[in-house]
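Beneath this line is the structure, given in structure tokens, with notes to follow.
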Amino acid sequence: MTIRVCYLGTYEADYDRNRIVQRGLTESGVTVVECHEAIWGSRRHKTATLTRPLALARLGAELASGYARLARRYLADTPDHDVVIVGYLGHLDMLALAPLCRARKKPVVFDAFISLYDTLVFDRAVVSPSSPAARALKLVDRAACALADRVLLDTQAHADYFARELGVSEAKCRRVLVGAEPGMFHPVESARASAPFTVFHYSKFAPLHGIRTMLEAAAALRDQRDVRFLLVGGGQLERQVEAWIDELGLDNLEHRRWMEPDELRTTIANAGACLGIFGDTPKASRVIPNKVYQCMAVGAPIITRDSPGARELLRDGEHALLCPPADPAALKTAILRLRDDPALGARLGANARALFEERCTPAAIGRALAGELETIVA
């Protein structure tokens, strides 16, 4: 069966999740047409919008005009298709656009990916749990999922959360792994054996990353002069991270705010240990972050938090070293283990790369999702 998918909404077109799903479907023989309005791509720190009334008002105005244009294009200009996918970030899109899909008698797949309520209330603590805003976010999550025929999440642990906390039918939820783009993240010649032992982490500095745990592990390793830390990124906790670095006096750590893609890939390949996440928030227990998939694709040795989400894909000591959350001493021990056993790092990296090839490429993800779409259409 040849399936035609309309990828609909204000989704962030350059975000890994949307690119990988679209590419995977195309590689699996699915025809993908887009009906898209770019709203989110220009907002680097999206959560900050909720704390600034003027920014929130501008966002509301942009969404209103964007939905009007999308409605016209979807109803009048978008060619016939079998199923609609509302891409990430699409919670509000579902409320505005899913009724239009019903008008065309098309099933709707919502790539929820995250819960707005969980992310903004508990993970990033932008909104108080007892506030009207928190209740509104939970209602948006529930309403968006209620309008969907299927809801896509990145792990089964996340799907279980949606069923338990948001009342989403388990029959609707499907796991679609995040993956990474092989064109960007792939094995390259590594100078790991001859370079200083580098512990590398890059992120947008959200609470689930557990940056403080990494910094405390760096402080505990100051006497190990052959171990250096490289931290790349910025975001919600950037100022706090800078203050922590000063507080701990980390002369063995370099913080850079940006790295070009080619340098990022090379740095991953040369790192003695690539760090995932170590936060102790509930959301951190349910996700496998983009960076873990990307480091798997390069074939790098990974240390990340032990969690139900991580264990859906990774086996401790085979694909990665898994540590308890918020435990700098355990992270220190894992780092020294990789430093002192280069063969272990090489084996973990090779196993992670093989697992990526088997389950986490866009093609593998697209095949699994295409099979689910066939079921929906049938």
Report summary line: In region 115-164, anything under 30 Å from ASP80 (Cα atoms) and out of contact with any Lys or Arg (no Cβ under 8 Å at 6 or more places or on another chain) is listed as VAL140, ASP141, ARG142, ALA143, ALA144, ALA146, LEU147
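Condition check ((1) in the same structural domain as ASP123 (by TED's automatic domain parsing); (2) crowded, with 17+ Cβ neighbours inside 10 Å; (3) not in a helix (DSSP H, G or I)) across all residues:
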site: GLU263; (1), (2), (3): no, no, no
site: VAL287; (1), (2), (3): no, yes, yes
site: CYS295; (1), (2), (3): no, yes, no
site: GLU318; (1), (2), (3): no, no, yes
site: LEU331; (1), (2), (3): no, yes, no
site: ALA334; (1), (2), (3): no, yes, no
site: GLY345; (1), (2), (3): no, yes, no
site: ASN351; (1), (2), (3): no, yes, no
**Report entry** Of all residues making up region 84-108, the number that are in contact (Cβ under 8 Å) with a residue 12 or more places away in the chain and in a loop (DSSP other than H, G, I, E, B)
**Finding:** 7
Report task. Only one of these is modelled with pLDDT of 95 or more, out of contact with any Leu (no Cβ under 9 Å at 6 or more places or on another chain) and surrounded by fewer than 21 Cβ atoms within 10 Å (Cβ to Cβ): LEU166, LEU153, LEU100. Name it. Result -> LEU166
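The values are calculated or read from the model by the stated rules, or taken from the named source; none is laboratory data. Worth saying up front: this structure is predicted, and the values here are computed from it rather than measured. Note that each Cβ is placed from the backbone with ideal geometry, even for glycine, and that neighbours are counted across all protein chains shown.
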